[in-house]
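Input: a single structure, listed below in structure tokens.
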Amino acid sequence: MGLIKSFIEDYGFYPLSDIYVCSRCVGDYGLKQYISENAEYDECSYCGKWSKKKKIAIHINDFISYFLECLATEWGDPNDEGVGWESKEGGWISAKVIDSYDLIHDELELDINHDELTDLLVQTLFDREWCQKDPHGLLLDDDLFFSWQRFTRQIKHKSRYVFFKIKTFSEYSPESDIVKEPHEIMEHLGSIVKELGLIRTFPASKEVFRARVSSKGEKFKRVDELGPPDDDNATYSNRMSPAGIPMFYGSLEKKTAIEEIIAPSDKRAGVVSLATFTTLDEMKILDLTDVPATPSIFDEKMRYLRLPLSFLNSFLADFIKPITKDGREHIEYVPTQVVTEYFRHVFQDEDDKPIQGIFYPSSRREKGTACVFFFDQSNCTEDPQKGPAWRKNWLVLAKDKTIYKKISNKNKQINSTTILCT
């Protein structure tokens, strides 16, 4: 009863009796998990579910106690959090304060299936008011994302090439508690990536697809045509690399490879050459295709990752957003290009080794995976046995697997005609 006693004193919660709740009555997965793992009763008072084989429900006092314990990790009483009160205006100042009703119905997104249970939670908290913990500072996720936005403005419009030497941001924005110098956002991003285990091993003998389109109907066959351009011909700015720095852009699916190179606004008709490359060795990559969703505040095991994941998901949405090629793309691509250079040249994994590429969600095909490898033309080959011993071959072109598809400028659909390369 020690925990319940503390809630009686701190929250005004008084124990109830003979009421039980099962996991089917709540939508939040964290609450579902807690109920399932701590079930001691075979019948639910709300939905009437009953089980003879296993325990399915917990006592309402245990449910409310856990609910409040989790709530207290991020929400507190404005009197305790130092929120100012303006007696003239008759209200709180300097921080957002909400009542229990708004907290339960709007902020927490509990998705409770029974109004009676929702009402009970509101009544349990009485007329209390709530604010976020440390309301005068920024939450970690907000702090990092504001810092990321400041960083992108800095390198797009203020200082592009010596930002690592700049000690302060050059324009006003919310003060950061953790990112004091612009380049530090990279280090925090690298730390979060490591903490979440997003550095993965991509095996040898795996296929990667790369496409080129020709409005003249050309069918590309050689590795120097189907792989990355050489230094002198890398004349276009891309999402991960500026003009002059070639990289290998590809996809893990054939359809994604094609859609990544044909914009909806593209009016050209022609032929797409779709090449298959195979990895010759395993490589370490940053996998941004499998970033977990932000955990529930009621997920006791994963709750500590709520704020880092909230930031990373916001960052990822900004990182992969579609960019219209209207002449400004060379500016809009700068932040992702800088991040890519950080992971290519500075970042090291837990074994102090560099990574060879980044996998990220395609911005043009739902559930498609796009990838960039930090390789140029010299790292791609048609014959792994040829070439100087000092040169590392990472990808080999499977010449007999190249296919060609005609595209129409009428509806931008890929025609079904497929011609195998001989």
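The values are calculated or read from the model by the stated rules, or taken from the named source; none is laboratory data. Because the structure is a prediction, the values reported are computed rather than measured. Quick reminder, even Gly has a Cβ in these numbers, built from the backbone with ideal geometry, and neighbours come from all protein chains shown.
Residues LEU286, LEU307: which one is crowded, with 17+ Cβ neighbours inside 10 Å, within 26 Å of GLU184 (Cα to Cα) and at pLDDT 85 or above?
Of the residues listed, the single one that is crowded, with 17+ Cβ neighbours inside 10 Å, within 26 Å of GLU184 (Cα to Cα) and at pLDDT 85 or above is LEU286.
For TRP50, all conditions in the list (1) modelled with pLDDT of 90 or more; (2) surrounded by 13 or more Cβ atoms within 10 Å (Cβ to Cβ) hold save one; what is the number of the exception?
Unmet for TRP50, out of (1) modelled with pLDDT of 90 or more; (2) surrounded by 13 or more Cβ atoms within 10 Å (Cβ to Cβ): (2).
Matching residues to (1) among the β-branched types (Val, Ile, Thr); (2) closer than 18 Å to SER147 by Cβ; (3) touching a residue at least 24 places away in the same chain (Cβ under 8 Å):
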{"position": "LEU305", "(1), (2), (3)": "no, no, yes"}
{"position": "LEU312", "(1), (2), (3)": "no, yes, yes"}
{"position": "PHE319", "(1), (2), (3)": "no, yes, yes"}
{"position": "PRO322", "(1), (2), (3)": "no, no, yes"}
{"position": "LYS325", "(1), (2), (3)": "no, no, yes"}
{"position": "ARG328", "(1), (2), (3)": "no, no, no"}
{"position": "ASP351", "(1), (2), (3)": "no, no, no"}
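Could you tell me which of the residues ASP28, ASP80, ASP62, ASP42 is crowded, with 17+ Cβ neighbours inside 10 Å and out of contact with any helix residue (DSSP H, G or I) (no Cβ under 9 Å at 6 or more places or on another chain)?
None of the other options fit; the residue is ASP28.
Do we find that THR340 is assigned by TED's automatic domain parsing to the domain that holds VAL396, polar (S, T, N, Q), touching a strand residue (DSSP E or B) at 6+ places or on another chain (Cβ under 8 Å) and at negative phi in this structure?
Spelling it out, THR340 is indeed assigned by TED's automatic domain parsing to the domain that holds VAL396, polar (S, T, N, Q), touching a strand residue (DSSP E or B) at 6+ places or on another chain (Cβ under 8 Å) and at negative phi.
Surrounded by fewer than 18 Cβ atoms within 10 Å (Cβ to Cβ), modelled with pLDDT under 95 and among the β-branched types (Val, Ile, Thr) - does that describe any residue in segment 169-182?
So far as segment 169-182 goes, yes, one or more of its residues are surrounded by fewer than 18 Cβ atoms within 10 Å (Cβ to Cβ), modelled with pLDDT under 95 and among the β-branched types (Val, Ile, Thr).
Applying the selection to segment 336-356, what residues are buried (at least 18 other Cβ atoms within 10 Å of the Cβ) and not in a loop (DSSP other than H, G, I, E, B)?
Within segment 336-356, THR336, GLN337, VAL338, VAL339, THR340, PHE343, ARG344 meet the criteria.
Hey, HIS157 hits all of (1) surrounded by 17 or more Cβ atoms within 10 Å (Cβ to Cβ); (2) at pLDDT 75 or above; (3) over 28 Å from PRO354 (Cα atoms) but one; which does it fall short on?
In the conditions (1) surrounded by 17 or more Cβ atoms within 10 Å (Cβ to Cβ); (2) at pLDDT 75 or above; (3) over 28 Å from PRO354 (Cα atoms), HIS157 misses (1) alone.
How about segment 234-335: which strands (runs of 3 or more DSSP E) wholly inside it have at least 1 residues that are acidic (Asp, Glu) and in the same structural domain as VAL372 (by TED's automatic domain parsing)?
Correct list: 283-287.
Do we find a residue being surrounded by 15 or more Cβ atoms within 10 Å (Cβ to Cβ) and part of a loop (DSSP other than H, G, I, E, B) anywhere in segment 194-212?
yes
Looking at GLU260, GLU282, GLU300, GLU253, which one is among the acidic types (Asp, Glu) and within 16 Å of ILE407 (Cβ to Cβ)?
Testing whether each residue is among the acidic types (Asp, Glu) and within 16 Å of ILE407 (Cβ to Cβ) leaves just GLU260.
Could you please let me know if CYS380 is at pLDDT 90 or above and touching a Pro at 6+ places or on another chain (Cβ under 8 Å)?
yes
Looking for whichever is closer than 24 Å to VAL396 by Cβ, part of a loop (DSSP other than H, G, I, E, B) and touching a strand residue (DSSP E or B) at 6+ places or on another chain (Cβ under 8 Å) here; the options are PHE375, PHE359. Which one fits?
Sole residue among the options that is closer than 24 Å to VAL396 by Cβ, part of a loop (DSSP other than H, G, I, E, B) and touching a strand residue (DSSP E or B) at 6+ places or on another chain (Cβ under 8 Å): PHE375.
Of all residues being of a type in the set (Phe, Trp, Tyr) and modelled with pLDDT of 90 or more in segment 55-81, which is farthest from GLU40 (Cα to Cα)? Just the residue, please.
Taking the candidates together, the pick is PHE67.
Cβ-Cβ under 7 Å, sequence separation 6+ or interchain: first residue in segment 37-55 and touching a residue at least 60 places away in the same chain (Cβ under 8 Å), partner among the acidic types (Asp, Glu) and surrounded by 11 or more Cβ atoms within 10 Å (Cβ to Cβ). Which pairs?
TYR46/GLU116
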